[in-house]
Amino acid sequence: MKLSIVIPVFNEEDGIEKHLYELEEYMNQYDGCDSWEIITVNDGSTDATLTKLLQIEYRKKWLKVVDLVTNFGRGKALRKGIENATGDIIISLDADLSYAPYHIERLVDKLVKNNADIVLASAYGKGGTVKNVPFKRLWISRVGNKVLSYMFGENLSVLTCIVRAYRNEFIKKVDLHSNDKDIHLEILYKAKILGAKILEVPADLRWSDEKVSELEKPVKRRSTMKFRKTTSSHFFFALMNKPGFVFLMPGFCLLTVAAVVFLITASAVLSQLMEGISLYHALRNSMLTATPSWLTFALSFILAFQFFSLGFLTNQNKKNHEELYKTINKIFRNSKTGAK
């Protein structure tokens with residue numbers, strides 16, 4: 001069995017050499033594979049990263065350098081790395097090794113023993129640990145992954161981490177287009193549609209002091225815009241997994257309003273009936289004098305019904321979209337196989 005380790009790289013001149021040799025040291029003593037390779041994808045670095053990578057590639061046969069020339073984003077770099085990978089199993093890692101090399105063994109063992117298609121490293125799940133990550137960054141990440149996990153619905157605790165293991169024959173069947181960090185969500189979304197077996201292993205996330213100090217520098221406007229773009233794309237992913245949520249939640253709220261209004265108006269009518277007033281006059285009085293009127297109840301109920309109907313139709317449309325994607329993906333793969 002051969003392993004391919006894919007690492008997207010952008011402006012990592014200070015630590016890339018150290019981290020690659022750290023990986024080499026680990027892989028030389030790792031006996032879980034017959035051979036291995038490391039594919040670094042330079043995503044248009046503006047420092048000396050590419051020069052250092054080419055120097056190492058010249059000395060080490062296990063390193064393959066792919067240069068994108070222009071900065072496209074992590075998604076494009078990861079897709080290019082997967083495209084160039086020749087191993088049976090593909091491991092994707094961060095360039096700064098925030099997840100130490102020993103996670104490779106955890107990911108591969110889980111993938112092989114459980115015949116999975118994708119295995120995720122999870123620092124937030126049971127058995128995972130987090131060290132030296134700034135509180136604000138950690139809180140945003142935890143909350144975001146909680147929401148995404150609920151909307152995704154596969155009992156996964158971390159959906160945005162790059163550290164994963166993929167079965168080569170599966171991941172290359174998935175048609176991917178994302179250029180940025182939403183690539184991780186696109187992979188999971190499409191893999192789920194195709195019926196992939198997705199698991200996770202506990203992981204240890206540890207930021208270096210250098211990474212923490214880099215984060216504490218004044219935030220540039222471009223970084224802020226990039227954060228907003230990532231947040232919006234993640235929110236869109238959440239809605240894609242449970243689109244009916246947009247309509248069902250207002251529906252539940254309106255139904256609750258309708259129920260409360262009905263109970264108030266009904267209790268007013270009931271109290272008048274107990275006083276000996278006829279049903280006709282009791283209803284007439286409630287319509288004329290009640291603060292939350294029957295009209296409010298009727299409108300809330302009708303709107304709630306409409307929202308529930310939209311939620312149902314949206315979920316049905318999602319199922320139709322997933323079936324269509326599976327069919328198109330199968331036709332596309334068969335046509336590629338036939339062309340070969």
Problem set entry | Unique residue being of a type in the set (K, R) and at pLDDT 85 or above when the list is R206, R228, R284, R222 | R206
For this session: Please state which of the following conditions K2 fails to meet, knowing it meets all the rest: (1) buried (at least 16 other Cβ atoms within 10 Å of the Cβ); (2) in contact with a strand residue (DSSP E or B) (Cβ under 7 Å, 6 or more places away or on another chain).
Result: (1)
Problem set entry | Members of region 54-74 that are closer than 18 Å to H177 by Cα and assigned to a helix (DSSP H, G or I) | R74
Seminar exercise, completed: Taking region 111-131 and keeping only residues that are surrounded by 13 or more Cβ atoms within 10 Å (Cβ to Cβ) and polar (S, T, N, Q), one is left with S122
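So that you can scan it fast, the table gives a plain yes or no per residue for (1) in the same structural domain as V133 (by TED's automatic domain parsing); (2) within 29 Å of the chain's Cα centre (by Cα); (3) surrounded by fewer than 21 Cβ atoms within 10 Å (Cβ to Cβ); (4) in a helix (DSSP H, G or I):
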| site | (1), (2), (3), (4) |
| --- | --- |
| T46 | yes, yes, yes, no |
| T51 | yes, no, yes, yes |
| G81 | yes, yes, no, yes |
| R106 | yes, yes, yes, yes |
| D109 | yes, yes, yes, yes |
For this session: Confirm whether A196 is crowded, with 19+ Cβ neighbours inside 10 Å, at pLDDT 90 or above, among the small types (G, A, S) and not in a helix (DSSP H, G or I).
Result: yes
Problem set entry | The lone exception for T51 - which of (1) over 22 Å from S98 (Cα atoms); (2) touching a Pro at 6+ places or on another chain (Cβ under 6 Å) it fails | (2)
For this session: Quick one: which residue in S178, S141 is out of contact with any strand residue (DSSP E or B) (no Cβ under 8 Å at 6 or more places or on another chain) and not in a loop (DSSP other than H, G, I, E, B)?
Result: S141
Exercise. Can you tell me which residue in region 136-157 is surrounded by the most Cβ atoms within 10 Å (Cβ to Cβ), limited to those that are of a type in the set (F, W, Y) and at pLDDT below 90?
Worked result: F152
Problem set entry | region 59-105, residues that are at pLDDT 95 or above and aromatic (F, W, Y) | W62, Y99, Y102
Exercise. Do the conditions hold for A77, that is, is it part of a loop (DSSP other than H, G, I, E, B), in contact with an Asp or Glu (Cβ under 6 Å, 6 or more places away or on another chain), assigned by TED's automatic domain parsing to the domain that holds D204 and on the phi < 0 side of the Ramachandran plot?
Worked result: no
Exercise. Which condition does G87 not pass, out of (1) assigned to a helix (DSSP H, G or I); (2) touching a residue at least 60 places away in the same chain (Cβ under 8 Å); (3) more than 22 Å from the chain's Cα centre (by Cα); (4) closer than 24 Å to S178 by Cα, if it passes all the others?
Worked result: (1)
Exercise. Under 8 Å by Cβ, and 6 or more places apart or on different chains, what pairs join a residue from region 179-202 that is on the phi < 0 side of the Ramachandran plot with one that is aliphatic (A, V, I, L, M) and surrounded by fewer than 17 Cβ atoms within 10 Å (Cβ to Cβ)?
Worked result: Y189/M240
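The values are calculated or read from the model by the stated rules, or taken from the named source; none is laboratory data. No experiment lies behind these values; they were computed from the predicted model shown. Glycine also receives a Cβ, built like all others from the backbone with ideal geometry; neighbour counts cover every protein chain displayed.
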